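Asker: Encoded as structure tokens, here's the structure I'll be asking about.
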Amino acid sequence: MHREEITLCNHKLSLFQAEKADCPLIVFHSFSDEGEAVYQELRKQNAAECNFLSIAIHDWQREMSPWYAPALSKDGEAFSGGADAYLESLLTAILPWATERIHGKASFIGIAGYSLAGLFALYALYKTDVFTRVASMSGSLWFPGIKDFCKENAMKILPEKLYLSIGDQESKTRHPILQTMQENTEELLEYFRSLGIPCKYELNPGNHFQDVNLRCAKGILELLR
């Protein structure tokens, strides 16, 4: 395994290159720089060989949100809806950089993320046909309007595999918006299945912050099978 790092479009990129040619490329968005921990967890789980691109997202509320939404708390930060602008950077600069550095051509390109990055991974399906396998772990499907958006718009491509997971305690909160997390996830799961998309769903023990790296690895493992 060879690791290459660069700062591109104001994002720190870490590319873990597969030794073999024509291995899949997994694009993983992380809140800061926990991508290496997820990659090491994949190796621990004996995942199939892949190219793993970790992208550290620091302006989380803006770049991972599809449109404006108010803050979840009085002291919190609003979601400013910069996903489209970030996706353009991903497609025109970041992905070309990565695909030029892997051996051969990726057998497929998958996208994965946790929390808002899980929401972004699903949203990307409606904007580009580049990603053919998607893993959304504890994806923020409480996000206002996302359920209707997914049902009222057509994906650019129906993925070969779609993985969704959530913690069984995540919706057990006093916050009325966050209470919709599991209900929205399971409703969208059934909708995606009705489109003929092969889906896997896991309900993990714990809240939103439990076993994050392991949950991410489990989702990516499914994409690599």
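The values are calculated or read from the model by the stated rules, or taken from the named source; none is laboratory data. Predicted model, so just to flag it, every value in this text is computed and none were measured. Glycine also receives a Cβ, built like all others from the backbone with ideal geometry; neighbour counts cover every protein chain displayed. Side chains included, ligands, DNA and RNA excluded: accessible areas come from the protein's heavy atoms. Shrake-Rupley method; radii C 1.70, N 1.55, O 1.52, S 1.80 Å.
Asker: Mind telling me which of the residues Ser65, Ser32 ends up being in a loop (DSSP other than H, G, I, E, B) and buried (at least 16 other Cβ atoms within 10 Å of the Cβ)?
Answerer: Ser65
Asker: Mind listing just one residue for me: the one in the stretch 97-124 that is hydrophobic (A, V, I, L, M, F, W, C) and over 19 Å from the mean Cα position of the chain (by Cα) and, of those, nearest to Phe143 (Cα to Cα)?
Answerer: Per the criteria, the residue is Trp97.
Asker: Can I ask one more? Among the strands (runs of 3 or more DSSP E) contained in the stretch 118-222, which hold 3 or more residues that are closer than 30 Å to Gln40 by Cβ and open to solvent by less than 30 Å² (accessible area, probe 1.4 Å)?
Answerer: Ranges flagged: 133-137, 161-167.
Asker: Just need a number here: residues in the stretch 73-87 that are in contact with a helix residue (DSSP H, G or I) (Cβ under 8 Å, 6 or more places away or on another chain) and outside any helix (DSSP H, G or I).
Answerer: Of the residues in the stretch 73-87, 6 are in contact with a helix residue (DSSP H, G or I) (Cβ under 8 Å, 6 or more places away or on another chain) and outside any helix (DSSP H, G or I).
Asker: Can you list residue pairs whose Cβ atoms sit under 7 Å apart, with the first residue in the stretch 88-108 being more than 19 Å from Leu125 (Cβ to Cβ) and touching a residue at least 24 places away in the same chain (Cβ under 8 Å) and the second being in a helix (DSSP H, G or I) and open to solvent by less than 40 Å² (accessible area, probe 1.4 Å)? Count only pairs 6 or more apart in sequence or on different chains.
Answerer: none
Asker: Looking at the stretch 89-109, can you tell me whether even one residue there is aromatic (Phe, Trp, Tyr) and touching a helix residue (DSSP H, G or I) at 6+ places or on another chain (Cβ under 7 Å)?
Answerer: Checked the stretch 89-109: no residue is aromatic (Phe, Trp, Tyr) and touching a helix residue (DSSP H, G or I) at 6+ places or on another chain (Cβ under 7 Å).
Asker: Among (1) of a type in the set (A, V, I, L, M, F, W, C); (2) without any contact (Cβ under 8 Å) to a residue 60 or more places away in the chain; (3) over 27 Å from Gln210 (Cβ atoms), which single condition is Leu162 missing?
Answerer: That leaves (3) as the condition not met.
Asker: Let me ask something else about it. Just checking, how many residues over the stretch 88-112 are open to solvent by less than 60 Å² (accessible area, probe 1.4 Å) and either part of a helix (DSSP H, G or I) or in contact with a Cys (Cβ under 6 Å, 6 or more places away or on another chain) (or both)?
Answerer: 10
Asker: I'm trying to understand the selection: among the residues of the stretch 48-62, which are open to solvent by 60 Å² or more (accessible area, probe 1.4 Å) and out of contact with any Gly (no Cβ under 9 Å at 6 or more places or on another chain)?
Answerer: The answer is Glu49, His58.
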